Amino acid sequence: MISIDSLAVEFSGKKLFDDVSFVINENDKIALMGKNGAGKSTMMKIIAGKQQATRGGVHCPKDTVIAYLPQHLLIDDDCTVVEEASKAFQSIFDMKSELDDLNKQLETRTDYESEAYMKIIQRVSDLGEKYYALEEINFEAEVEKALKGLGFKSEDFSRQTSEFSGGWRMRIELAKILLQKPDLILLDEPTNHVDIESVIWLENFLLTKAKAVIVISHDKAFVDNITNRTLEVSMGKVYDYKANYSHYLELRKERRANQQKAYDEQQKLIADNKQYIERFKGTYSKAASVASRKRMLDKLEIIEVDEVDTSSLKMRFPPSPRSGDYPVKVENMSKSYGDHTVFKDANMAIRRGEKVSFVGRNGEGKSTMIKAIMGQIDFKGSCGLGHNAKVGYFAQNEASLLDNDLTIFETVDNIAVGDIRTQIKNILGAFMFKGDDIDKKVDVLSGGEKTRLAMVKLLLEPVNVLILDEPTNHLDIRSKDVIKEALMNFDGTLILVSHDRDFLKGLSQKVFEFKDKRVVEHFETIDAFLERNQVESLKEMDL
């Protein structure tokens, strides 16, 4: 059992947490929830030992192993996959290295009676007892087993980590976690930048292989599938629910209703007593009663109602101008980079008004196909846009392409033309950029804020083809729900790449699967495709 005791965190005199306590039990699967800025990542870093609390602390049994997967991976780019995965045993390697060094010192030193010599002997004894108590491990075999279980091939082992996409880098980090056999795994937004297969694998790994887990995630389906407990961080406190995310939302609603009722009753009590005090403060016969009520009010602990995020993101795409019957057509198209073939002989015809999904593992060609449709890369065969196709394109790295030196207002003002310029402040307000916010530099915005700002660009002129490549990374669940509703009401053609199953469901009537250098068309909804493929995907991953 790991306990968080009387935790308090303050920044520049402002309290982020105050006297927070809870315990983490073996096999707990916990979702850490709360609005942006509530302190979720700070809490996780403190538990991981990466950050210190102002007061209080984390207490756990001796030799407890806590593994932490941060939101932004920090994998070195100067080593191979095997070398990076082997770092899971670094503490054991360091222990062996120190033992060898100490034993060499004992062989060469002659100051047998000195205090320094006695300290070396004691250290060798303590370290040796710990090292030789470890079960004998064939480190190379263990690393190979873990990497292959995560989908890596033998020829990948000697490749540099820099050659792999975000999803595969996450698997390298997870291999290290698996090899450590931790008592607690901490995951901060683990599903960002990874494909659906990786998310499915991660779910099953956490459910079947892991002990205790704490996860921060905006992926509703992922959180619901793996957690049995929810900790909500709100206004410096932590509320503990023995429920998954969906059930927690219902319980939270009840809690806040009860808080509001108690608050209203207390405010009436205060008002009634203040009225009494004001009425009889000069009456001699009521002096004792007035004094008693004043003391009661002074000692009264005011009930707080947890703040509810009432800001609303309202998004509606302008009506689409009419395009030709097939705004996107691909015929016998192939794409290679040197000797590496991404896909060959691909064909697709997307009708006006159709909503389709591109699915497949990272590196199978989804983004490559989009770049080809947009005319950004060379290829063999035929690929392009049809008659009167007006495209709104959200690239996977769209948020990072914003100019950090511009303000929010300048970012939009620089590209808006015509009558829409008079509506810039209203549009930004609808995307939760209000008041003085519009004068903030892009450089200081969070990942979610940058994504919302990049989304604003799609509303500046009418389009009839929307191409969205991972549009939900860094967005919270509420923002994703609003954008999803806007896309469902969009009357043009939609091509969507996303790893977020909850976001995808209900959004497309056709699926193009990118797999084994081929593009396969499935005449079924994304819901049916995901349900049919989940079992097959898990078999491939050899869990």
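The values are calculated or read from the model by the stated rules, or taken from the named source; none is laboratory data. Given the structure is predicted, the values throughout are model-derived calculations rather than measurements. FYI the Cβ positions are ideal-geometry reconstructions off the backbone, even for glycines, and counts take in every protein chain you see. To get the accessible areas, we keep the full protein, side chains included, count just its heavy atoms, and leave off ligands, DNA and RNA. Shrake-Rupley method; radii C 1.70, N 1.55, O 1.52, S 1.80 Å.
Determine the sum of side-chain charges near Lys62: Lys and Arg each +1, Asp and Glu each -1, restricted to other residues whose C-beta is under 15 angstrom from that of Lys62.
Working: positive: Lys130; negative: Asp63, Asp126, Glu129, Asp183.
So the environment of Lys62 carries a net charge of -3.
Assuming a ≥ b ≥ c are the square roots of the Cα gyration tensor eigenvalues, decide whether the range 156-225 counts as rounded (a/c under 1.5), prolate (otherwise, with a/b larger than b/c) or oblate. If you can, show how the numbers build up before the last one.
Details: a/c = 2.06, a/b = 1.30, b/c = 1.59.
Because a/c hits 1.5 or more and a/b fails to exceed b/c, the range 156-225 counts as oblate.
I'd like the Karplus ³J(HN,Hα) series for the range 317-324: coefficients 6.51, -1.76, 1.60, θ = phi - 60°, whole numbers in Hz, and an x wherever there's a Gly or Pro.
Using θ = phi - 60°, the values come out as 6, x, x, 7, x, 6, 9, x Hz.
Using mean Cβ contacts within 10 Å as the protection proxy, how do 386-396, 174-184 order, highest first? Kindly include the intermediate steps, with their values, before the conclusion.
Details: 386-396: 17.5, 174-184: 20.8.
Going from most to least packed, we get 174-184, 386-396.
Based on the mean of other beta carbon atoms within 10 Å per residue, what is the order of 140-148, 105-113, most packed first? List each step's numbers first, then the result.
Values: 140-148: 16.4, 105-113: 9.2.
Descending mean neighbour count gives 140-148, 105-113.
Please give the Cα centre distance for the range 429-484 versus the range 85-126, rounded to the nearest Å.
The two parts, judged by their Cα centres, are 56 Å apart.
Using a basic spin-label model with each label point 7 Å from the Cα along Cα→Cβ, how many nm lie between Ser400 and Asp78?
Modelled inter-label distance: 2.1 nm.
Only helical DSSP H runs with n ≥ 4 go in: add -39500 (n - 2.57) per run for the chain, normalise by residue count and round the 222 nm mean residue ellipticity to 500 deg cm²/dmol. The partial results should precede the final answer.
Values: 17 runs with 210 residues, N = 543.
Helix contribution divided over all residues of the chain: -12000 deg cm²/dmol.
Using only protein heavy atoms and a 1.4 Å probe, report how much of Arg532 is accessible, in Å² to the nearest 10.
100 Å²
At a 10 angstrom cut-off on C-beta neighbours, averaged per residue, how do the peptides 200-206, 257-263 rank from highest to lowest? Mind dumping the intermediate values first?
Details: 200-206: 21.1, 257-263: 12.6.
Result, highest mean Cβ count within 10 Å first: 200-206, 257-263.
Would you work out which of Met44, Ser91, Leu102 lies farthest towards the positive end of the dipole of the range 1-111, given +1 charges on the beta-carbon of Lys and Arg and -1 on that of Asp and Glu, about the Cα centre?
Of the listed residues, the answer is Met44.
Let me spell out the model: positive unit charges on the Cβ of Lys and Arg, negative unit charges on the Cβ of Asp and Glu, origin at the Cα centre of the chain. What dipole size does that give, in debye rounded to 20? Don't skip to the end; give the middle numbers.
Values: 77 positive and 89 negative charges, 505 e Å.
Once rounded to the nearest 20, the dipole reads 2420 debye.
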